[in-house]
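The values are calculated or read from the model by the stated rules, or taken from the named source; none is laboratory data. Just so you know, these numbers come straight off a predicted model, no measurement behind them. Because the Cβ atoms are built from the backbone with ideal geometry, glycine has one as well, and the counts that use them run over all protein chains shown. Ligands, DNA and RNA are stripped out before the accessible areas are found, and what is left, the full protein with its side chains, is counted by its heavy atoms. Shrake-Rupley method; radii C 1.70, N 1.55, O 1.52, S 1.80 Å.
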Amino acid sequence: MALKHQATAPYDSVQSALRVLDIVARHDTGVTTVELARETRLPATRLAPLLRMLRREGYVEQLTDSPVGAYVTGETLNRLAAAGHHEQALRAKLQSVLDGLRDSIGAAVYLSRYVDGEVEVTDFAAGPRTPAVNEWVDFRSSAHASAIGKSLLTQLDVDGRRDHLARHRMARLTSRTITNERALLNRLAAQPATVPVLDLQEYAVGTVCAAVPITAGSTAGCLALSLPVEQSHRLRDAADTLNRGAAPLLLSLAL
């Protein structure tokens with residue numbers, strides 16, 4: 001089984017952000033915006049929003065006592081780089097990003113990965129006003145119906161998808177659930193890499209969901225959200241916001 005690597009907007013942003021962080025880390029006394037532009041070869045229209053995101057997430061800091069506003073590594077990057085505390089710092093950073101996305105989007109959000117041939121929800125953020133979806137059927141056996149599962153399956157090759165479906169029967173969970181393997185495989189093959197995968201009451205009546213890929217390294221992953229069906233009119237805009245907000249989380253996983 002192999003992953004299909006296709007660039008998405010968050011992935012492109014993260015690659016550029018990693019270039020910026022590498023350069024900042026190599027300049028102990030700080031590096032200016034002009035120097036960053038020269039060394040990264042990024043236009044100002046790309047570099048400026050990247051630096052805003054990196055400052056907001058604590059990956060870089062701008063020296064206030066420098067007349068040119070030089071950048072140095074920030075607290076978040078230093079914590080993640082500390083070998084003895086990396087896992088603890090990563091968990092805290094991921095939860096912080098998920099909490100921020102939950103509050104800005106107004107929806108429960110989930111981080112999922114495809115581990116050892118199974119769907120696994122590793123982290124989530126929900127609350128009284130943004131309730132998590134009721135997992136009435138184990139997510140591991142309902143990939144054919146959920147936005148999370150379908151997003152992860154789109155990142156596998158055809159053999160990987162067939163292998164998963166052979167191990168998990170495509171049960172009809174609602175009247176909207178696709179239970180025909182060929183129909184599902186065709187839909188997965190036609191899914192554009194940069195377009196969020198939607199679940200319109202296919203997993204659970206009363207809930208709509210969306211998911212975007214955040215593959216890091218050799219493991220397929222996705223970021224997802226869920227909304228009550230009464231708020232389905234918000235789904236596409238919420239999914240677009242989720243996609244734009246995926247870069248900080250993907251960056252944490254990449255470091």
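The figures follow:
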{"quantity": "Candidate set: segment 197-227, residues that are without any contact (Cβ under 8 Å) to a residue 60 or more places away in the chain and open to solvent by 20 Å² or more (accessible area, probe 1.4 Å); chosen: the one farthest from residue 102 (Cα to Cα)", "calculated": "217"}
{"quantity": "Conditions (1) within 18 Å of the chain's Cα centre (by Cα); (2) surrounded by fewer than 18 Cβ atoms within 10 Å (Cβ to Cβ); number of the one not met by residue 113", "calculated": "(2)"}
{"quantity": "Residues within segment 72-89 that are of a type in the set (A, V, I, L, M) and either in contact (Cβ under 8 Å) with a residue 24 or more places away in the chain or on the phi > 0 side of the Ramachandran plot (or both), tallied", "calculated": "4"}
{"quantity": "Pairs with Cβ under 6 Å, 6+ apart, first in segment 17-33 and in a helix (DSSP H, G or I), second open to solvent by 60 Å² or more (accessible area, probe 1.4 Å) and not aliphatic (A, V, I, L, M)", "calculated": "23/39"}
{"quantity": "Contacts under 7 angstrom Cβ, first residue in segment 98-112 being within 16 Å of residue 122 (Cβ to Cβ), partner assigned to a helix (DSSP H, G or I) and charged (D, E, K, R), 6 or more apart", "calculated": "108/102; 109/102"}
{"quantity": "Long-range neighbours under 7 Å by Cβ, at least six apart or interchain, first residue assigned by the TED database to the domain that holds residue 249 within segment 42-63, second open to solvent by less than 20 Å² (accessible area, probe 1.4 Å) and part of a helix (DSSP H, G or I)", "calculated": "none"}
{"quantity": "Output for segment 163-197, where each listed residue is over 24 Å from residue 234 (Cβ atoms) and basic (Lys, Arg)", "calculated": "167, 169, 172, 182"}
{"quantity": "Single match in 244, 234 (criterion: open to solvent by 10 Å² or more (accessible area, probe 1.4 Å), of a type in the set (Lys, Arg) and farther than 22 Å from residue 53 by Cβ)", "calculated": "234"}
{"quantity": "Contacts under 7 angstrom Cβ, first residue in segment 158-176 being closer than 18 Å to residue 204 by Cβ and in contact (Cβ under 8 Å) with a residue 12 or more places away in the chain, partner aromatic (Phe, Trp, Tyr) and surrounded by 13 or more Cβ atoms within 10 Å (Cβ to Cβ), 6 or more apart", "calculated": "173/203"}
{"quantity": "Residues being of a type in the set (S, T, N, Q), at pLDDT 90 or above and open to solvent by less than 30 Å² (accessible area, probe 1.4 Å) - total across segment 56-89", "calculated": "0"}
